[in-house]
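The values are calculated or read from the model by the stated rules, or taken from the named source; none is laboratory data. Only a predicted model underlies this, so the values are computations on that prediction, with no experimental measurement involved. Don't worry about glycine lacking a Cβ; one is built from the backbone with ideal geometry, like all the others, and counts go over all protein chains shown.
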Amino acid sequence: MTPAAPVDARALPGHQALLALPAEARWVPVARRCVVAVLTQWRFPSADRESAELIVGELAANAAEHGRHDMTIHLSLHTGVLRISVTDSGVPARPRRPRDADPDEHGRGLSIVELLALEVRVRQGPLGRRVDVALTATVTE
């Protein structure tokens, strides 16, 4: 059996995926694994999959910490640009951060996302917050 040749993700037709999960920390690893599985199926380059996995992990963790009930993750790939949107169901009545939490371990997620992404937009609406991220696929030869 011949291994599959690398695919130029920029040449792929558009793809879409939607994942809805409870806004709870225990679901963040599930979100990451699902995104990796989808991007693997789409033959998205592995180095960029790792960035997308980290981005989704950070945004899903934020949604789990700050959202109320659920979070949705929408992926779309078109002409080599992966768009990731993570939406939570709103601002909680009170913060969920533990009192003994190390301040050095919190508050860096969006900064990490901004370093990895081509574009980041945050929108707060009456029903929740949505973070939209664009990530460019590397060119394969």
Exercise. Starting from the stretch 15-42, keep only residues that are in a strand (DSSP E or B), then list their pairs with residues that are of a type in the set (Lys, Arg) whose Cβ atoms are within a distance under 7 Å, requiring at least 6 positions of separation or different chains.
Key: none
Quiz item: Can you name the residue in the stretch 83-131 that is hydroxyl-bearing (Ser, Thr, Tyr) and modelled with pLDDT of 90 or more and, of all such residues, is farthest from LEU21 (Cα to Cα)?
Solution: SER85
Self-check item: Candidate set: the stretch 12-50, residues that are of a type in the set (Gly, Ala, Ser) and farther than 16 Å from LEU135 by Cα; chosen: the one surrounded by the fewest Cβ atoms within 10 Å (Cβ to Cβ)
Solution: ALA20
Quiz item: When residues of the stretch 77-88 are filtered for being assigned to a strand (DSSP E or B) and over 19 Å from ARG33 (Cβ atoms), how many remain?
Solution: 5
Quiz item: Does THR2 satisfy being surrounded by 18 or more Cβ atoms within 10 Å (Cβ to Cβ), among the hydroxyl-bearing types (Ser, Thr, Tyr) and either outside any helix (DSSP H, G or I) or modelled with pLDDT of 90 or more (or both)?
Solution: no
Practice problem: Report, ordered by the first and then the second residue, all pairs with beta carbons closer than 6 Å, sequence separation of six or more or different chains, a first member in the stretch 47-72 that is closer than 16 Å to ALA137 by Cα, and a second member that is of a type in the set (Ser, Thr, Tyr) and modelled with pLDDT under 95. | Solution: ASP48/THR138
Quiz item: Among the candidates ALA23, ALA9, which residue alone is modelled with pLDDT of 90 or more, touching a Gly at 6+ places or on another chain (Cβ under 9 Å) and not β-branched (Val, Ile, Thr)?
Solution: ALA23
